[in-house]
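The values are calculated or read from the model by the stated rules, or taken from the named source; none is laboratory data. Computed from a prediction, not measured in an experiment: that's the story for all the values here. So basically every Cβ, Gly included, is an ideal-geometry build from the backbone, and we count neighbours across all protein chains shown.
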Amino acid sequence: MGPGVLIKSLLRGSFSLMVFGWTQIVMDIQPLIVLITGEGHLHGFTHTYLGAILIALFAALSGKYLSELGLKILRITENDASISITWGVVLLSAFIGSFSHVLLDSIMHADVEPFFPFTLNNQFLGIISVSVLHKVCLYSGLVGAVIYYGINWKLKKTINH
């Protein structure tokens, strides 16, 4: 989620962190089933770029309505009206979510074949260590949070003056 927080801080209303997060969950349902049943390829088709396209479309279609419902339940509004997330924002958020998930998992998991069925090679594997990858994710989230809340603070300060 760290990279998603950073992207949200930069794109603001043009990116949905809720749809991005939903996409992360949907991406890992297939590996979860494999872990529970012991059957199948841990990071199978869902962790390919072809699979990521399908996951993004599903996550966008379901995530738009789930996110809007979540915002309504949390009573997060804009000018006292329910927030509607545009399809452009939903699709961008879901595709960034699914493609970044494949890329990051490609770096750390030997069984990911991101360009299947065209090649089984994973040229991203090990380009940085798993420890560095975790730090990149953590620090991108921290930087994103600072940027997001810094901008919010500055906007509130500007409006109040």
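Could you tell me whether Ile83 is touching a Leu at 6+ places or on another chain (Cβ under 6 Å), at pLDDT below 95 and over 17 Å from Ile7 (Cα atoms)? First the steps, then the outcome.
Numbers: touching a Leu at 6+ places or on another chain (Cβ under 6 Å): yes; at pLDDT below 95: yes; over 17 Å from Ile7 (Cα atoms): yes.
Yes; evaluated as a whole, the condition is true for this residue.
Let's see how each residue does on (1) touching a Phe, Trp or Tyr at 6+ places or on another chain (Cβ under 8 Å); (2) part of a helix (DSSP H, G or I); (3) surrounded by 14 or more Cβ atoms within 10 Å (Cβ to Cβ):
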site: Val19; (1), (2), (3): no, yes, yes
site: Thr23; (1), (2), (3): no, yes, yes
site: Pro31; (1), (2), (3): no, yes, yes
site: Glu39; (1), (2), (3): no, no, no
site: Ala52; (1), (2), (3): yes, yes, yes
site: Leu57; (1), (2), (3): no, yes, yes
site: Gly63; (1), (2), (3): yes, yes, yes
**Message:** Tally up the residues in the stretch 6-17 that are surrounded by fewer than 18 Cβ atoms within 10 Å (Cβ to Cβ), among the basic types (Lys, Arg) and either over 17 Å from the mean Cα position of the chain (by Cα) or modelled with pLDDT of 95 or more (or both), please.
**Reply:** 0
**Item:** Residue list for the stretch 30-58, filter: under 16 Å from the mean Cα position of the chain (by Cα), hydrophobic (A, V, I, L, M, F, W, C) and over 26 Å from Tyr139 (Cα atoms)
**Value:** Ile53, Leu54, Ile55, Leu57, Phe58
**Request:** Kindly indicate whether any position in the stretch 71-86 is within 20 Å of Leu10 (Cβ to Cβ), assigned to a helix (DSSP H, G or I), in contact (Cβ under 8 Å) with a residue 40 or more places away in the chain and not acidic (Asp, Glu).
**Result:** no
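Quick grid of which residues meet (1) more than 21 Å from Leu50 (Cβ to Cβ); (2) touching a helix residue (DSSP H, G or I) at 6+ places or on another chain (Cβ under 9 Å); (3) surrounded by 11 or more Cβ atoms within 10 Å (Cβ to Cβ):
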residue	(1), (2), (3)
Ile83	yes, yes, yes
Val90	no, yes, yes
Ala94	no, yes, yes
His101	no, yes, yes
Leu104	no, yes, yes
Pro114	no, yes, yes
Leu138	yes, yes, yes
Val143	yes, yes, yes
Lys157	yes, no, no
